[in-house]
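Everything on this sheet refers to the single structure shown next.
The values are calculated or read from the model by the stated rules, or taken from the named source; none is laboratory data. The shown structure was predicted, so the numbers you read here are calculated from the model rather than taken from an experiment. Cβ coordinates were reconstructed from backbone atoms using ideal geometry, including for glycine residues, and neighbour counts include every protein chain displayed. Ligands, DNA and RNA are excluded from the accessible area calculation, which covers all protein heavy atoms including side chains. Shrake-Rupley method; radii C 1.70, N 1.55, O 1.52, S 1.80 Å.
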Amino acid sequence: VRFNTIGIIDARNGAAYEAASAIPFAAAVKYSFRLVVNVPARTYSVYVTPAGGAELTVGTNFAFRTTAGAVTNLNNWGAIDDTEGSATVCNFKVVP
């Protein structure tokens, strides 16, 4: 999932990034993300809720990266901030 350079939130679907609809983002706004992951099917769905807003669908049944290889479990999590700004990640949790 990313905040892309043209100002919308999208996510990786196989080999490319896409979104179910254009969801704009703004600096200094908190966003809550919810991912529903199906490891055996190698798919996931992404939802985002802007502070004070309603949950929006970024994408459903998106495919894992084509370069992911055989995935049997998810055991790492990370965040990359490759801009000159900053990002804070908090309250990360896994719910079976």
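Filtering the stretch 59-86 to residues that are part of a loop (DSSP other than H, G, I, E, B) and surrounded by 10 or more Cβ atoms within 10 Å (Cβ to Cβ) leaves PHE64, ARG65, THR66, ALA68, VAL71, LEU74, ASP81. For the structure I just gave you, tell me whether GLU55 is farther than 19 Å from VAL89 by Cα and either of a type in the set (Asp, Glu) or in contact (Cβ under 8 Å) with a residue 60 or more places away in the chain (or both). Considered against the rule, which asks whether it is farther than 19 Å from VAL89 by Cα and either of a type in the set (Asp, Glu) or in contact (Cβ under 8 Å) with a residue 60 or more places away in the chain (or both), GLU55 comes out as no. Checking each residue in the stretch 1-32 for being outside any loop (DSSP other than H, G, I, E, B), open to solvent by 80 Å² or more (accessible area, probe 1.4 Å) and either over 18 Å from ALA63 (Cβ atoms) or among the hydrophobic types (A, V, I, L, M, F, W, C) (or both) picks out PHE3, PRO24.
Set side by side, the residues VAL36, VAL48 differ, and just one is among the hydrophobic types (A, V, I, L, M, F, W, C), part of a strand (DSSP E or B) and exposed (fewer than 15 other Cβ atoms within 10 Å of the Cβ), which is VAL36. Cβ-Cβ distances below 8 Å connect the following pairs, each with a first residue in the stretch 15-43 that is of a type in the set (S, T, N, Q), a second residue that is assigned to a loop (DSSP other than H, G, I, E, B) and open to solvent by less than 60 Å² (accessible area, probe 1.4 Å), and a separation of six or more residues or different chains: THR43/PHE64. For the stretch 87-96, a residue qualifies if it is open to solvent by 100 Å² or more (accessible area, probe 1.4 Å) and hydrophobic (A, V, I, L, M, F, W, C), and the qualifying residues are PHE92, VAL94, VAL95. Within the stretch 2-28, being under 20 Å from GLU84 (Cα atoms) and polar (S, T, N, Q) holds for ASN4, THR5.
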